[in-house]
Structure formats: structure tokens, C-alpha cells
Amino acid sequence: MRQRTIAAALALLPLAGIPARAADVEVTVTNVRGDVGHVRVDLCTQAKFLKSDCAYNGAAPAQQGETMVTFTGVEPGKYAAQAFYDDTDAGKVHQGFLGIPREGVGFSNDAGLRLGGPRFRDAAFAVPEGGAQIRLRLRYLLGSPRRPRRQPGAPQ
């Protein structure tokens, strides 16, 4: 009797609503114009997109050209990525006239910039259980950024 009860419980297990497994997301950020500071990326749900309190935040030391930021433990779902090149390591986007970013900024799907930022639907991508790999390009809206300082010991 006990073996039948265990077998029945195991048979019903797939119906128990087991949560989806967390995934890894790799974000390759291109057009990084320096090798000082960090490239910062947020993965945001629609409710948090274009805000500073997204569910997942990551950073990697800037590498001129391309920098990869990897997230682990991301719940499967729909997200948009927002990124910027933080050459001063201030942890925030500096803004100029009319709130235009002074650093390079970018969004998943290379979503077009509009007044107030891109729409979530233009930047959204799916994160399945198997994870995701995306690429996005930084854009420098005020021309070239300030000339970044070189890291001590970096080749000239």
C-alpha cells in the first residue's frame, strides 16, 4: 500500500507547479570606447524598465570594443536590458542638457531611442530556462565621451 502511495505521489509531481529553473544571461555590450571604469547592465521587467531598481544588476570591468556582463540565477520570463559605460565608476548615468546622457547608453535589441527612452516592447527579449545570450550597442548621444583615464599599469 505504501509503495502505491509513493508511486501515485511521484506521478502527480509534474502537476504540482514546480517553479521554473533559474537561467544564465550573457550580455555582450559593443562600442565600448575605453578601458577604464565598468560597463553596467540591468535586466528589467516591464514595470521597472528605465528605472534604477531593476531585478538584476551586473557590471564588468570595461574592455575597449566589447565587454561581457553575465547574470546567473535569472528567473525565466520577459526582460529588457539597459546598459551604460560608467567610465567614472560613479554608479549612475551623468546627464547633460535636457537630461541627455553624457556616457554611452544602450538597450537590448538596439531599441531606438525616443524622448524619454525606448519602449519596453522594442527592447524586450525572452529568457527561457536554458538561458539567453544577447548583444547591444552603446550609443554616445553627446558625441565622444570625455577622454577616459587609463588604468594604472595599462599599456599605452
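Give the number of residues within region 1-45 that are modelled with pLDDT of 95 or more and either on the phi < 0 side of the Ramachandran plot or not in a strand (DSSP E or B) (or both).
If we filter region 1-45 for residues that are modelled with pLDDT of 95 or more, which is where we start, we get 23-45.
Of the ones still in play, those that are also either on the phi < 0 side of the Ramachandran plot or not in a strand (DSSP E or B) (or both) are 23-30, 32-45.
Residues in region 1-45 being modelled with pLDDT of 95 or more and either on the phi < 0 side of the Ramachandran plot or not in a strand (DSSP E or B) (or both): 22 in total.
The set of residues in region 82-101 being of a type in the set (Ser, Thr, Tyr) and either farther than 19 Å from residue 139 by Cα or more than 14 Å from the chain's Cα centre (by Cα) (or both) consists of 88 alone.
In region 39-81, of all residues being within 12 Å of residue 104 (Cβ to Cβ), of a type outside the set (A, V, I, L, M, F, W, C) and buried (at least 17 other Cβ atoms within 10 Å of the Cβ), the one that is farthest from the chain's Cα centre (by Cα) corresponds to 67.
Listed here are the residues, each with its yes/no results for (1) among the aliphatic types (A, V, I, L, M); (2) modelled with pLDDT under 95; (3) touching an Asp or Glu at 6+ places or on another chain (Cβ under 9 Å).
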residue: 47; (1), (2), (3): yes, no, no
residue: 68; (1), (2), (3): yes, no, yes
residue: 75; (1), (2), (3): no, no, no
residue: 80; (1), (2), (3): yes, no, yes
residue: 96; (1), (2), (3): no, yes, no
residue: 99; (1), (2), (3): no, yes, no
residue: 103; (1), (2), (3): no, yes, yes
residue: 107; (1), (2), (3): no, no, yes
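Scanning region 82-93 for residues being free of Cβ contacts under 8 Å to residues at least 40 places away in the same chain and either surrounded by 14 or more Cβ atoms within 10 Å (Cβ to Cβ) or in contact with a helix residue (DSSP H, G or I) (Cβ under 8 Å, 6 or more places away or on another chain) (or both) gives a total of 1. Number of residues in region 46-70 that are outside any strand (DSSP E or B) and either among the aromatic types (Phe, Trp, Tyr) or within 25 Å of residue 116 (Cβ to Cβ) (or both) equals 10.
When residue 89 is tested against (1) in a loop (DSSP other than H, G, I, E, B); (2) at negative phi, just one condition goes unmet, and that condition is (2).
If you scan region 24-33, which residues turn out to be surrounded by fewer than 19 Cβ atoms within 10 Å (Cβ to Cβ) and over 23 Å from residue 130 (Cα atoms)? Let's see the steps before the verdict.
First, the residues of region 24-33 that are surrounded by fewer than 19 Cβ atoms within 10 Å (Cβ to Cβ): 24, 26, 28, 30-31, 33.
Hits for region 24-33 are 30, 31, 33.
The values are calculated or read from the model by the stated rules, or taken from the named source; none is laboratory data. These numbers were taken from a predicted model, which means no experiment stands behind them. No Cβ is skipped: glycine too gets one built from the backbone with ideal geometry, and neighbour counts run over all protein chains shown.
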